[in-house]
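Q: Pasting a structure here, questions to come.
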Amino acid sequence: MPEGSGSKLHFVYNVDATPLALVKDFVHRLVAPKTYPCKLCDVTYGRFIKKAEWRAFLRTLPIPSEFHLRSVFRRRFPSVRNLPLPAVFLERPAGTLRELIPARELAGVQDLETLESLVNRKIASLGLPATGRSPKRRARSNG
């Protein structure tokens, strides 16, 4: 049985779940994008909402996923509270977490396509089928 069967991905943003933190985060992305500390937010969100291509890609994953803000995630999973964020974790059926894509690896991601490729490689390493590109881009590249 593949390692990821019955597991879940946890995508964790490097921003806290308070109104002030969210406003500061939004302004930081607009005013100083080069110093913005959350590559996951940067490549998966447009100015206001999650990118449609990213949402479509997530629907193709062979494993369920959840998204968390830093403060909520650290309260829920205190065993990994000291790991740098943003990051992607794999939760095994027993409820234990392991870092699947660490912050240092996400820091090198420059665009959504690169992130999708990285997620696919990590999922394939679990013995699960990779999804390929998002349906929107796949259809365009075949036509």
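The values are calculated or read from the model by the stated rules, or taken from the named source; none is laboratory data. Note that the coordinates shown come from a computational prediction; the quantities given were computed from them, not determined experimentally. Please note: Cβ atoms are built from the backbone with ideal geometry, for glycine as well, and neighbour counts cover all protein chains shown.
Q: Does ARG121 meet the test of being surrounded by 11 or more Cβ atoms within 10 Å (Cβ to Cβ), among the charged types (D, E, K, R) and closer than 13 Å to VAL12 by Cβ?
A: In short, no.
Q: Could you tell me which numbered condition SER5 fails, if it satisfies all but one of (1) surrounded by fewer than 18 Cβ atoms within 10 Å (Cβ to Cβ); (2) touching a Leu at 6+ places or on another chain (Cβ under 8 Å); (3) modelled with pLDDT of 95 or more?
A: Failed condition: (3).
Q: Whether any residue in the range 93-102 is of a type in the set (A, V, I, L, M), part of a helix (DSSP H, G or I), surrounded by 18 or more Cβ atoms within 10 Å (Cβ to Cβ) and touching a residue at least 24 places away in the same chain (Cβ under 8 Å) is what I want to check.
A: The answer is no; no qualifying residue exists.
Q: How many of the residues making up the range 38-60 are surrounded by 17 or more Cβ atoms within 10 Å (Cβ to Cβ) and not aromatic (Phe, Trp, Tyr)?
A: Number satisfying all stated conditions: 9.
Q: Now, a different point. In this structure, is ALA32 farther than 30 Å from PRO93 by Cβ, exposed (fewer than 14 other Cβ atoms within 10 Å of the Cβ) and in contact (Cβ under 8 Å) with a residue 40 or more places away in the chain?
A: Against the criterion (farther than 30 Å from PRO93 by Cβ, exposed (fewer than 14 other Cβ atoms within 10 Å of the Cβ) and in contact (Cβ under 8 Å) with a residue 40 or more places away in the chain), ALA32 does not qualify.
Q: Next up: So ALA130 fits all but one of (1) farther than 30 Å from LEU20 by Cα; (2) crowded, with 16+ Cβ neighbours inside 10 Å; (3) modelled with pLDDT of 90 or more; (4) not β-branched (Val, Ile, Thr); what number is the exception?
A: So ALA130 meets the others, but not (3).
Q: Which of (1) in a helix (DSSP H, G or I); (2) of a type in the set (S, T, N, Q); (3) surrounded by fewer than 15 Cβ atoms within 10 Å (Cβ to Cβ) is the odd one out, the single condition GLN110 does not satisfy?
A: Result: GLN110 fails condition (1) only.
Q: Let me confirm something: among ALA107, ALA87, ALA56, ALA103, which residue is at pLDDT 95 or above, out of contact with any strand residue (DSSP E or B) (no Cβ under 9 Å at 6 or more places or on another chain) and among the aliphatic types (A, V, I, L, M)?
A: ALA56
Q: I want to confirm something. Restricting to the range 61-73 and keeping residues that are free of Cβ contacts under 8 Å to residues at least 60 places away in the same chain and buried (at least 18 other Cβ atoms within 10 Å of the Cβ), which single residue is nearest to the chain's Cα centre (by Cα)?
A: For the range 61-73, the residue satisfying everything is HIS68.
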